[in-house]
Amino acid sequence: MTYSIKEAAGKLSITKHTLYYYEKAELLPPIQRDERGNRVYTDSDISWVYLICCLRDINMPIQLIRSYVKLLLDETSTLEKRKEILLLFQQKIEADLQHYSTIQQLIKKKLAFYDQAESPANEAENCYDYKKDWVHFKLILEEGHD
């Protein structure tokens, strides 16, 4: 199956300009053209662009993606070099996930604190000031570092 640039962009939830940029930045193998010179994307091209989008989503720099792509297209065995690049970013993703998990727990605890503060049983406490809230926030942060 083949797709126009508009269809390909739609399938990938990106813009046509992003596809143009990826092609110009040499992040894609050569894209076929039809008899009128329009780009024609295949399912393989869509998969390739999806990979590039995933690498961008983990904030891999364009220059490193370009190097990775060149390694993918290299006829010689570049498996170890490609693996090194991905392992580096796998470690980054794991660290990011841990960071976001900590933030998620902090937010859950703060929301539970606010729910408790809003309850009718704590009507007099509902007017606490920001200093009390800050003390609670610091306690949660200290719990997260134990």
(message) Among (1) within 19 Å of the chain's Cα centre (by Cα); (2) of a type outside the set (A, V, I, L, M); (3) modelled with pLDDT of 95 or more, there is one condition Asp43 misses while meeting the rest; what is its number?
(response) (1)
(request) Among the candidates Ile65, Ile46, Ile52, single out the residue that is outside any loop (DSSP other than H, G, I, E, B) and within 17 Å of Met1 (Cα to Cα). (result) Ile46
(request) Please determine, by comparing only the residues of the range 18-41 that are open to solvent by less than 30 Å² (accessible area, probe 1.4 Å) and either among the hydroxyl-bearing types (Ser, Thr, Tyr) or out of contact with any helix residue (DSSP H, G or I) (no Cβ under 8 Å at 6 or more places or on another chain) (or both), which one is farthest from Ile65 (Cα to Cα). (result) Val40
(request) Could you identify the single residue in Lys81, Lys92, Lys108, Lys131 that is surrounded by fewer than 12 Cβ atoms within 10 Å (Cβ to Cβ), part of a helix (DSSP H, G or I), at pLDDT 75 or above and among the basic types (Lys, Arg)? (result) Lys108
(request) Could you grab the pairs with beta carbons closer than 7 Å, sequence gap of 6+ or different chains, first residue in the range 91-106 and in contact (Cβ under 8 Å) with a residue 40 or more places away in the chain, second one among the acidic types (Asp, Glu) and open to solvent by less than 70 Å² (accessible area, probe 1.4 Å)? (result) none
(request) Among the numbered conditions (1) open to solvent by less than 50 Å² (accessible area, probe 1.4 Å); (2) at pLDDT below 95, tell me where Glu125 comes up short. (result) (1)
(request) Look at the range 42-69 and say how many of its residues are open to solvent by 60 Å² or more (accessible area, probe 1.4 Å) and touching a residue at least 40 places away in the same chain (Cβ under 8 Å). (result) 2
(request) Filter the range 1-17 down to residues that are without any contact (Cβ under 8 Å) to a residue 24 or more places away in the chain and open to solvent by 40 Å² or more (accessible area, probe 1.4 Å) and give me whichever is nearest to Leu51 (Cα to Cα). (result) Ser13
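The values are calculated or read from the model by the stated rules, or taken from the named source; none is laboratory data. As the structure is a prediction and not an experimental result, all values here were calculated from the model. Using ideal geometry, Cβ is built from the backbone for each residue, glycine included, and neighbour counts are taken over all protein chains shown. These area figures cover heavy atoms from the full protein model, side chains too; ligands, DNA and RNA do not enter into them. Shrake-Rupley method; radii C 1.70, N 1.55, O 1.52, S 1.80 Å.
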